[in-house]
1. For residue 299, what residues show an amide H to amide H distance below 5 Å, using hydrogens built from the backbone and excluding near sequence neighbours?
2. What number, in percent, do you get for the relative contact order of segment 257-348 if the mean sequence gap of Cα pairs under 8 Å and at least 6 apart is divided by its residue count?
3. If the elastic network links every pair of Cα atoms under 10 Å, which of 322, 106, 302 fluctuates the most in the Gaussian network model of the chain?
4. Would you mind giving the three semi-axes, in whole Å and largest first, of the ellipsoid equivalent to the chain according to its Cα gyration tensor?
5. Would you look at the GNM of the chain, springs on alpha carbons closer than 10 Å, and say which of 68, 89, 104 moves the most?
6. Can you flag which of 3/351; 91/335; 7/55; 7/47 are past 20 Å Cα-Cα?
7. When the dipole is taken about the Cα centre of the chain, and only Lys, Arg (+1) and Asp, Glu (-1) are charged at their Cβ, what size is it in debye, to the nearest 20?
8. If amide hydrogens are placed 1.01 Å from N in the peptide plane, which non-local residues have theirs closer than 5 Å to the one on residue 168?
Amino acid sequence: MSKISVKNPLVNMNGDEMARVIWDKIQNEIILPHIDLNLINYDLSIKSRDETNDKITTEAARQINKVKVGVKCATITPDEKRVKEYKLKKKYPSPNGTIRNILKGTIFREPIIINKIPKIVNHWNQPVIIARHAFGDIYRSKEISVKKKGKLTICFEDEEGNKEEKLIHDFDSSGVGLAYFNVNDSIYDFANSCFNYALIRNLPLFLSTKNTILQKYDEAFKEIFDEVYKKFQIRFEENNLTYQHRLIDDMVACLMKWSGGFLWACKNYDGDVMSDLVAQGFGSLGLMSSVLQSPDGKILKTEAAHGTVTSHYRQHQNGIQTSTNPIASIFAWSKALKHRGELDSNLDLNKFAQNLETICINTLNEGYMTKDLALMCGPEQKWVTTNEFFEIIKHKVEN
Ligand SMILES: NC(=O)c1ccc[n+]([C@@H]2O[C@H](COP(=O)([O-])OP(=O)(O)OC[C@H]3O[C@@H](n4cnc5c(N)ncnc54)[C@H](O)[C@@H]3O)[C@@H](O)[C@H]2O)c1
């Protein structure tokens with residue numbers, strides 16, 4: 001069979017540990033034998049980031065900006081233990097954070113739903129996609145520990161030196177305080193990303209806030225989304241899609257009542273918490289995909305939502321066969337190829353990517369799966385090793 005040729009390049013970012021072992025297999029055994037693809041490769045492993053003082057991450061992000069599609073393997077975000085383990089020059093920031101800051105995009109996390117795999121929340125039979133506004137709020141806050149009696153205030157001073165000051169609390173005993181912020185440009189980017197993604201995925205969009213309490217802070221999110229929606233309203237109506245703002249407490253109740261099938265725009269902390277809740281409700285991290293999309297919807301970086309699966313890597317290093325789930329990483333590739341295919345109007349590429357996803361879903365439904373998923377199905381369910389699973393997928397793609 002002749003290979004599918006692809007005109008424009010794709011940025012391929014390799015990573016660490018077991019995720020890297022899987023990555024190489026996907027690339028060399030499933031993708032490259034069938035597609036003539038110009039990959040621009042960046043090694044984002046922790047060693048390579050250390051050797052380049054992390055410049056490689058910035059270069060990769062800039063390259064994604066140019067070619068518009070990137071696919072990324074999971075990488076180690078070093079903590080103190082990793083700094084020692086790899087003798088690193090410093091504790092580098094998360095590569096995902098660096099790339100996100102350069103692309104200014106929004107992360108959308110989506111479960112891959114497989115009928116055979118039981119879900120913890122049984123009636124979620126369509127995906128719930130969480131869009132997290134990964135900027136500001138408590139993640140960029142300043143905290144204070146109050147030890148004595150006294151006043152805590154918040155003050156804004158403009159460039160001319162004019163001040164607006166508000167009393168937060170008049171302490172008569174010890175306590176704690178906190179201040180945080182957001183910027184409208186980032187909220188506009190978030191809103192544009194979400195409306196574009198809802199159209200691409202043909203899903204209704206909900207924004208949640210607590211604007212009854214935060215009448216300036218959270219209200220700013222609601223107002224900006226309302227304003228941006230005006231630009232999208234006609235296209236939403238043409239596609240029978242809706243946009244609604246709801247209170248976070250109401251939205252959480254709806255999440256439990258509904259069967260899925262919507263895109264949920266969350267503020268930073270809500271998105272942090274809800275994406276893990278939704279991942280668990282749908283079953284497994286090994287079935288959770290993640291895409292970072294630019295506000296205009298044109299640039300896409302895809303990855304699996306899980307990490308480098310360190311415990312499996314330790315087994316692999318000791319020559320023990322693992323049973324590591326490659327589905328989310330394969331979907332990272334298929335989603336990146338689909339985006340390349342759409343940008344280049346390459347129908348053959350889109351067909352290949354769609355077929356790859358169908359093969360994965362069918363294989364799991366036929367009962368061939370890795371241990372993480374088998375455990376969810378029950379004690380009777382058999383599981384295969386990583387290599388055996390790859391052989392099955394490889395064989396089906398070849399035929
Ligand atoms: N996007 C990313 O690059 C990313 C995300 C999270 C964590 N990390 C990094 O990954 C490393 C390990 O972190 P962690 O252990 O918290 O997260 P992890 O996702 O690697 O593992 C969490 C748990 O889920 C299981 N698991 C995850 N993916 C699996 C798969 N595909 N198949 C079978 N089981 C799977 C693991 O065995 C483990 O029990 C850390 O160094 C962290 O910095 C990277």
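Taken together, the values in this text are just the output of simple stated rules run on the coordinates, not laboratory data. Source: prediction; values computed, not measured. Every residue, glycine as well, gets a Cβ built from its backbone with ideal geometry; the counts of neighbours run over all protein chains shown.
1. 294
2. Working: 69 pairs, mean separation 21.5, N = 92.
Here the relative contact order equals 23 percent.
3. 322
4. Details: eigenvalues 285, 129, 103 Å².
Taking √(5λ) for each Cα gyration eigenvalue gives 38, 25, 23 Å.
5. Looking only at 68, 89, 104, the biggest GNM fluctuation is shown by 89.
6. Numbers: 3/351 13 Å; 91/335 31 Å; 7/55 28 Å; 7/47 32 Å.
Listed pairs above 20 Å: 91/335; 7/55; 7/47.
7. Values: 53 positive and 50 negative charges, 141 e Å.
For the chain, the charge dipole is close to 680 debye.
8. 152, 153, 154
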